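Each remark here refers to the structure printed beneath this line.
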Amino acid sequence: MSETKKILTIQDISCYGQCSITVALPIISAFGIETAVLPSAVLSTHTAGFSGYTFRDLTEDLPDIQKHWEKEGIYFDAIYTGYIGSIKQLDYIKDIIDSRLKPDGVVFVDPAMADYGEFYYGFDQEFADKMGELCKLGDYILPNTTEACYLLHKEWKPDFSKEEMEEIAKDLSEFTKKHVILKGDNHKEGQLGMLVSDKEDSDIQFVYNDKIDHLSHGTGDVFASAFVGSSMLGKSPTSSAKIAGEFTKKAIEKTIDDPNHNYGVKFEKVIPEIYELLNTY
Ligand code: PXL
């Protein structure tokens, strides 16, 4: 019997909109990893491009869920956090990591709170500073440049140079136990880059995928989920970044010819290609 890895993902359920748990659960499961969920909030849709959505904050459910899992002796090989519903949850999540992660377990923190130079609705600098504390428990952090700038109290711009991106990735090493995966490098024509760094090593790797000029929501969650799945199967940080980047690029390609589909990407259509990606990179 081969051992199945077990991961817990903590993020919201946006009932409609192809993001957070409705993306993480199918993608990570498709990598063959048992995926448990802890919803931080339930929204009728995500908050980007919809108005009038409902928002049920589940903050006070977290400690009771943790207590039940303690009673049942439930532990995880990894914990992956995404969009968090309230600042108080960040403390509860630290307790859940302390209590439910196996001793050699891995933590992935996607500080999903901002993009394109702005916070998502409801987030602010106080939240970002507290998110920075959660990042410090991460073996891997996966910010975009906007989130990186809020973590670092730095001014954002859409086009950082290669050297500036390296500087940001280096500065972020204060916010991780091991690895930084910094998304959104634009300095190379026609390519979308990521910087992959290891706190123990001053070398920073650049990983590129072809850039598709299309503004899509939810791609950060698709990327993070495919990254988590690849790393849990033993892929290196650079291979995982390449696989996740290709997976996301393919999902965007499958979406761009549908003008009515701008709230998320059709990642479901790329799931059959996961094993080919794992064998290629
Ligand atoms: O994809 C990030 C995300 C997750 N969850 C909710 C969001 C967003 C981005 O806007 O609104 C509720």
Among the residues of segment 81-108 satisfying the criterion of being among the β-branched types (Val, Ile, Thr) and within 14 Å of the ligand (Cβ to nearest atom), which is surrounded by the fewest Cβ atoms within 10 Å (Cβ to Cβ)?
84
I'd like to know if segment 4-17 contains one or more residues that are at negative phi, of a type in the set (Lys, Arg) and touching a helix residue (DSSP H, G or I) at 6+ places or on another chain (Cβ under 6 Å).
yes
Among the candidates 22, 9, which residue alone is free of Cβ contacts under 8 Å to residues at least 12 places away in the same chain, surrounded by 14 or more Cβ atoms within 10 Å (Cβ to Cβ) and within 20 Å of residue 223 (Cα to Cα)?
22
Has segment 125-140 got any residue that is away from the ligand (no atom under 16 Å from the Cβ) and assigned to a strand (DSSP E or B)?
yes
Residue that is farthest from residue 43 (Cα to Cα) [pool: residues in segment 90-109 that are in contact (Cβ under 8 Å) with a residue 60 or more places away in the chain and assigned to a helix (DSSP H, G or I)]
100
Cβ pairs under 7 Å, 6+ apart, first in segment 189-215 and in contact (Cβ under 8 Å) with a residue 24 or more places away in the chain and at negative phi, second exposed (fewer than 15 other Cβ atoms within 10 Å of the Cβ) and of a type in the set (Lys, Arg)
208/188
If a residue counts only when it is within 15 Å of the chain's Cα centre (by Cα) and either surrounded by fewer than 16 Cβ atoms within 10 Å (Cβ to Cβ) or more than 16 Å from the ligand (Cβ to nearest atom) (or both), which helices (runs of 4 or more DSSP H) contained entirely in segment 172-281 have at least 2 such residues?
219-232, 237-253
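Those residues that are assigned to a loop (DSSP other than H, G, I, E, B) and closer than 18 Å to residue 118 by Cβ, I need them from segment 143-171; list them, please.
Here is the first cut: in segment 143-171, the residues assigned to a loop (DSSP other than H, G, I, E, B) are 143-144, 153-161.
Within segment 143-171, 143, 144, 153, 154, 155, 156, 157, 158, 159, 160 qualify.
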Restricting segment 109-136 to residues that are of a type in the set (Asp, Glu) and under 16 Å from residue 10 (Cβ atoms), the residue that is surrounded by the most Cβ atoms within 10 Å (Cβ to Cβ):
110
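Each reported figure results from applying straightforward, stated rules to the coordinates on display, with no laboratory input. Worth saying up front: this structure is predicted, and the values here are computed from it rather than measured. Cβ sites come from the backbone with ideal geometry, for glycine too, and all protein chains shown count toward neighbours.
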